[in-house]
1. In this structure, is A:Leu172 closer than 30 Å to A:Gly287 by Cα, part of a strand (DSSP E or B) and of a type outside the set (S, T, N, Q)?
2. Which of (1) crowded, with 24+ Cβ neighbours inside 10 Å; (2) farther than 18 Å from A:Pro500 by Cα does A:Ile385 not meet, given it meets every other one?
3. Taking only pairs six or more apart or across chains, which ones have beta-carbon atoms under 6 Å, a first residue in region A:318-338 that is touching a residue at least 60 places away in the same chain (Cβ under 8 Å), and a second residue that is of a type in the set (S, T, N, Q) and surrounded by fewer than 17 Cβ atoms within 10 Å (Cβ to Cβ)?
4. So, A:Gly438, is that one more than 14 Å from chain B (Cβ to nearest Cβ), more than 21 Å from the chain's Cα centre (by Cα) and in a loop (DSSP other than H, G, I, E, B) or not?
5. How many residues does region A:520-534 hold that are over 21 Å from A:Pro47 (Cα atoms) and in contact with a helix residue (DSSP H, G or I) (Cβ under 7 Å, 6 or more places away or on another chain)?
6. From the residues in region A:148-167 that are outside any loop (DSSP other than H, G, I, E, B) and farther than 16 Å from A:Glu191 by Cβ, which one is farthest from the other protein chains (Cβ to nearest Cβ)?
7. Can you name every residue in region A:359-393 that is among the aliphatic types (A, V, I, L, M), under 25 Å from A:Pro45 (Cα atoms) and under 21 Å from the mean Cα position of the chain (by Cα)?
8. When you go through (1) away from chain A (no Cβ under 14 Å); (2) farther than 20 Å from B:Pro64 by Cβ one by one for B:Met128, which number turns out not to apply?
Amino acid sequence: MRNFARMQSPRKSGLSLAGALLLGLLECGHPSQAADGPAAAATPPVPANNLSGATINFAPNDPAGEWRSQARDYANSRYSPLDQINSGNVAQLRVAWTFSDGTLHGHEAAPLVIGDTMYLVTPFPDMAYALDLTKPGASIKWTFKPNPSPLAIGKACCDAVTRGIAYADGKLIYNLLDDHTVAVDTKTGKEVWRIKMDNVETGATMTMAPLIVGNKVFVGNSGGEMGVQGWIAALDVGTGKELWRAYSTGSDKRVLIGADFKPFYRWMKGEDLGVSSWPAGMWKHGGASVWGWISYDPQTNLIFYGTSNPSPRVPVQRPGYNLWASTIFARDADTGMARWAYQTTPHDEWDYDAVNEDILMDLPIKGRVRKVLVHFDRNAYAYTIDRTTGEVLVAAPFAYLNWSTGFDMTTGRPIVNKDKEPKPGVKIDNLCPPDIGGKDWQPAAASPRSGLVYAGIFNLCMDLTDHEVGYIASTPYDGMEMQRQAAPGGNLGEFMAWNPATGKKMWAIKERFMTMSGALATAGDVVFYGTADGWFRAVDARSGKILWSQKLGSGVIGQPISYLGPDHRQYIAIYSGIGGVATMRVDKSMSGFPAPGGTLYVFSIHGDSVGAQSAEPAAVDDAAAPPANANQGKP
Amino acid sequence: MPMRIVPAGLMTMSLMLCACSHSEGGSASGPPTTGLPSAGEMSAVPMGHVAGLTDSAALARSMPNPYGDDAQAVAAGKALYVKMNCAGCHAYDAKGNMGPDLTDSYWRYGGLPAQIYRSIHDGRAQGMPAWGAALPPREIWKLVAYIESLGGAYSVDGTPRNPQRAELVAPEVQAPSPAAASSP
């Protein structure tokens with residue numbers, strides 16, 4: 001109780017609220033027309049108190065009460081247009097119902113709500129559930145058990161997790177940890193197709209959530225710690241047939257780089273850089289897997305995603321830029337051909353990856369509305385990048401870092417701190433951020449009302465000793481010995497609001513434990529997130545004031561969503577189940593660290609829910625009794 | 001040497017399976033109620049090679065590490081532990097990461113020297129690779145010697161080498177108490 005009270009007071013950093021408002025007013029003086037095109041026509045005008053002037057294209061414009069993809073829209077906004085729950089009444093949120101899925105690995109996925117059904121996917125053994133939202137307590141409609149190989153558990157670097165399920169055309173599509181993509185009929189829960197995408201024996205796994213656009217589902221592999229070859233592929237939604245596959249290392253032919261490829265910066269131009277930026281042959285085990293998020297811009301028909309760290313994680317063994325590891329790619333959705341690329345951490349020496357989400361916004365910068373992607377990299381720089389060209393418009397640290405001393409806007413490269421470059425056998429103390437970054441895969445949310453982006457981030461450093469490693473198939477190609485600890489301040493986590501036009505932090509809430517949950521922004525101007533020690537919070541989107549907190553059974557590393565039930569009531573749903581990289585030793589050794597779990601919590605105002613008024617034992621099924629009798633005794 | 005013994009063991013197993021299916025195939029009139037082997041006989045199926053014998057904890061207890069706690073063997077085992085990327089999963093301090101902690105006294109597959117040998121030689125179902133083809137027995141025993149030196153393993157007499165770390169008792173080496181045995 002004492003802890004709770006202490007955490008309720010928000011701590012602010014960066015600009016004061018007054019300053020932020022002033023800045024927003026100035027920016028709104030610029031014309032901020034939404035981008036042209038039919039999808040943009042539906043975009044409402046920028047509210048006067050929008051602090052960045054940002055607009056977001058919410059294609060495919062799913063029904064407001066549903067949540068049909070992990071990020072809800074192609075832009076990866078994780079913004080719900082629902083506003084029944086708002087800053088005025090969110091303090092009355094109570095548990096409406098819960099659901100235990102019977103598994104205990106880390107729960108990193110968001111549920112989907114399509115029509116009157118909720119769909120869940122569990123961590124290993126990767127089961128799927130359909131829950132009937134019209135029934136009191138949301139009973140199970142069907143369970144799908146794909147039985148993936150247990151071998152995959154020990155090949156996944158960071159717990160046997162999944163980051164979620166995708167939906168299209170009456171099918172749920174998701175990745176099994178043992179490298180199969182599977183499609184399941186939403187009505188029956190039966191398997192429609194299953195395609196083997198990689199070899200788990202080599203150390204490759206699949207943990208990312210697919211993105212579906214039209215008749216294509218985009219998937220990628222995991223295994224940057226195992227020396228795999230990273231790839232992204234497009235499969236046909238109907239049959240699972242592979243339409244194209246782009247590798248992250250190797251020749252331009254393998255990487256799907258052709259005449260249309262125009263990176264903004266000169267140092268990424270040239271032939272077959274995916275081969276020549278490595279020592280001879282090392283690209284073959286170069287990692288650069290694709291385990292994060294994919295976003296899509298319908299106006300340009302481009303997908304955006306990032307690749308993982310290069311393998312091995314010991315940089316002296318692979319002199320060169322190591323393209324296309326730790327790189328953001330823009331690719332044509334139909335052909336897979338690369339349009340541009342931008343390597344966030346050249347010659348990544350610290351396992352920083354570039355897999356974090358790319359949120360698509362249209363943003364006034366220096367008097368011009370730019371089509372941008374906003375990306376909080378593990379390397380602790382937040383980037384606002386022109387998504388049509390790959391030009392970095394804003395780059396600013398959002399979390400504590402000392403691996404870099406600044407950012408060169410001319411070359412688009414961070415300036416490396418020579419004192420923090422690892423050498424085998426030499427221990428480097430206090431290197432920040434650590435391998436898991438200033439923020440990991442946990443996705444941020446963006447609001448078109450405030451114009452801000454909200455993210456759970458880390459405040460971490462590591463002591464690092466590199467060891468040279470050899471490639472042995474099926475074992476880690478790794479070599480980093482490290483101990484993570486808190487960065488200055490002592491808190492391990494933080495939840496913050498960010499202005500992507502200025503690169504300024506607007507407010508921040510420091511958390512004692514890691515903040516590794518996704519964020520949810522809503523039209524009620526409330527933002528939701530969870531903590532590794534199991535607190536789930538609602539925050540005022542503008543002031544950062546904590547309005548409501550609830551302790552859940554286990555730690556929260558899932559992604560909150562919002563939906564309308566069949567009763568037209570707004571609900572908030574979040575998985576509780578600690579795991580993934582949130583179970584680091586510094587965390588686990590602190591009092592208050594929770595045990596594993598696997599429970600979905602669903603909240604509503606006052607905890608009201610379908611059938612809650614008649615929450616008494618259901619009538620015993622009796623085939624002989626007429627339906628009218630079955631309802632007797634119920635109000 | 002174990003490589004040669006494996007096929008023989010598999011052959012034994014498959015022969016036994018054949019025998020079983022024959023005898024059961026003849027029982028179309030219902031399961032026989034007499035003449036079944038005793039529980040003791042059924043548990044005595046040999047698994048095929050030197051470390052396989054350790055499916056019986058009693059046999060594993062008769063098989064100490066030939067290197068004992070020889071310091072050179074421990075050092076060589078530690079070097080192998082890094083070179084073969086064991087540290088990548090079990091961590092450089094062996095306290096576990098992708099793979100389990102090797103310093104505590106909880107062992108999924110048994111903490112006696114021969115049981116650890118078998119885990120390394122055969123691999124295990126949740127991702128532990130099989131090293132029997134890549135490493136000769138003497139190298140595997142050196143790895144075992146290093147792991148034993150970390151204090152969580154068990155001596156052949158079934159007691160933890162380091163009682164301070166024995167907060168958990170591995171079920172594989174714990175004899176059932178009379179009370180546990182009598183209750184279903």
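The values are calculated or read from the model by the stated rules, or taken from the named source; none is laboratory data. Please read these numbers as outputs of a predicted model, since none were measured by experiment. Cβ sites come from the backbone with ideal geometry, for glycine too, and all protein chains shown count toward neighbours.
1. yes
2. Of everything listed in (1) crowded, with 24+ Cβ neighbours inside 10 Å; (2) farther than 18 Å from A:Pro500 by Cα, A:Ile385 misses just condition (2).
3. A:Ala333/A:Asn301
4. No: the conditions fail for A:Gly438.
5. Residues in region A:520-534 being over 21 Å from A:Pro47 (Cα atoms) and in contact with a helix residue (DSSP H, G or I) (Cβ under 7 Å, 6 or more places away or on another chain): 1 in total.
6. Here the residue is A:Ala152.
7. A:Ile359, A:Leu360, A:Met361, A:Val372, A:Leu373, A:Val374, A:Ile385, listed by residue number.
8. (1)
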